[in-house]
Amino acid sequence: MLGFGGVGRALAAQMCALGRRSRLRLCAIVDRSGYVFVPAGLGPREVARLVNAKAAGQSLGSLGTAATPDVALDFIAAHAAQAPVLADVTADETGLLLARAAARGRFDLVLANKKPLAGPQRAVDTLLAAVAAAGRTLRCEATVGAGLPVIASLDGLIASGDRVRSIDGCASGTLAFVLGALESGRALSDAVREARERGWTEPDPRDDLSGRDAARKALILARKLGYRGAPPRAEDLVPRSMRGLSVAAFLQALPRLDGAFRARAEQAARRGRVLRYVIHASPRAASARLAEVPKDSPLGHLRGTDNLFAFRTRHYPDAPLVIQGPGAGPARTAAAVLTDLQALPAR
């Protein structure tokens, strides 16, 4: 497992809970500081010890072996059991590392991390080519919609011969919660802090508020439909003056935005509309923007961290196929990763 933040710790706990019911075993945890490697598999007590140590501020490097992630993966690949799998639950730029893991370590890959699939097209092509050349598999359900079966549904539609013309909706559970809070009269800063405390935001909440996280999801979906254009320029809700701040300084400065967003929400309400952050993906385009939608529309009815994805296809031309449900939270994202792990072909 690459990364041991909220999603990583939830995934480790879920794997331990399965015990002997699963053919999987968690042999290693890797982060920027180093790795812990137990070829026979980390048991519940060892995982609990690592979780508690990380919560107390210790690094994996101090708990196991200090090393860079590429050195760690090279060592693990040379000593791992058959059919190694690398689950990337970071929010880092790991594309080159993943390509090396597939090519040199012959790892199957399971991603919750969106960045390797939403970077420059050439880098994505390099990663996918490395996976294919090594005869490995890459699965990525958790990159879009947390635990919702968005990628699986899209793959199923394509495999059935249907033609997917577009996918529209709300793809950020964090923004859905924050904008819903504005609708009910709460301050933007208060909603963002709550979302962060609940583990619904990216490590830096500006990844959500900037629209970058939603835009990555739109791009991942569009690329699966054949889009090879430029990444979408998301509408950024964060002023330029606040983009260079540390996370702590940004959170402290966030109340400065409360008045402007309250006014924008009230203006929409006077027109019978609400604010939603909307994505679009098609074979020819990808976009992510803040929009006013009718309050009585499916997007206007979204509550909490719910996501909604509407597929318009040759078989669903007028009334779209809709997938809706909670789209945020470490446990839901980890569950999607675990489902992908269990779905990998036996080696």
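The residue of segment 31-85 that is surrounded by the most Cβ atoms within 10 Å (Cβ to Cβ), among those that are among the acidic types (Asp, Glu) and closer than 17 Å to Leu98 by Cβ, is Asp31.
Can we say Thr305 is among the hydroxyl-bearing types (Ser, Thr, Tyr) and buried (at least 20 other Cβ atoms within 10 Å of the Cβ)?
Criteria met by Thr305.
Yes or no: Ala269 more than 26 Å from Pro294 (Cβ to Cβ), in the same structural domain as Asp162 (by TED's automatic domain parsing) and surrounded by fewer than 18 Cβ atoms within 10 Å (Cβ to Cβ)? No. Among the residues of segment 187-206, write down those that are in a loop (DSSP other than H, G, I, E, B), under 14 Å from Gly329 (Cα atoms) and not charged (D, E, K, R). Result: Gly199, Trp200, Thr201, Pro203, Pro205. Hey, does segment 108-128 have a residue that's more than 19 Å from Ala222 (Cα to Cα) and over 15 Å from the mean Cα position of the chain (by Cα)? Scanning segment 108-128 turns up at least one residue that is more than 19 Å from Ala222 (Cα to Cα) and over 15 Å from the mean Cα position of the chain (by Cα). The single residue among Thr137, Thr126 that is in contact with a strand residue (DSSP E or B) (Cβ under 9 Å, 6 or more places away or on another chain) and over 25 Å from Leu275 (Cα atoms) turns out to be Thr137. Only residues that are buried (at least 24 other Cβ atoms within 10 Å of the Cβ), among the acidic types (Asp, Glu) and touching a residue at least 60 places away in the same chain (Cβ under 8 Å) were counted in segment 182-213, giving 1. When Ile76 is tested against (1) assigned to a helix (DSSP H, G or I); (2) of a type outside the set (Lys, Arg); (3) out of contact with any strand residue (DSSP E or B) (no Cβ under 7 Å at 6 or more places or on another chain); (4) free of Cβ contacts under 8 Å to residues at least 60 places away in the same chain, only condition (3) is not met.
Find the residue count for segment 159-181, including only residues that are in a helix (DSSP H, G or I) and surrounded by fewer than 22 Cβ atoms within 10 Å (Cβ to Cβ). So that I can check it myself, show each step before the final result.
Taking segment 159-181 and keeping what is in a helix (DSSP H, G or I), we get 159, 173-181.
After this cut, where a residue has to be surrounded by fewer than 22 Cβ atoms within 10 Å (Cβ to Cβ) as well, the list is 159, 180-181.
Summing the residues that are in a helix (DSSP H, G or I) and surrounded by fewer than 22 Cβ atoms within 10 Å (Cβ to Cβ) in segment 159-181 gives 3.
Scanning segment 20-48 for residues that are touching a helix residue (DSSP H, G or I) at 6+ places or on another chain (Cβ under 8 Å) and in a helix (DSSP H, G or I) gives Pro44, Val47.
For Phe250, the requirement of being under 27 Å from Arg228 (Cα atoms) and either assigned to a helix (DSSP H, G or I) or not hydroxyl-bearing (Ser, Thr, Tyr) (or both) is not met. Scanning segment 131-158 for residues that are part of a helix (DSSP H, G or I) and either farther than 19 Å from Leu341 by Cα or at pLDDT below 95 (or both) yields Ala133, Leu157, Ile158.
The values are calculated or read from the model by the stated rules, or taken from the named source; none is laboratory data. Please read these numbers as outputs of a predicted model, since none were measured by experiment. Neighbour counts run over all protein chains shown; Cβ positions are idealised from the backbone, glycine included.
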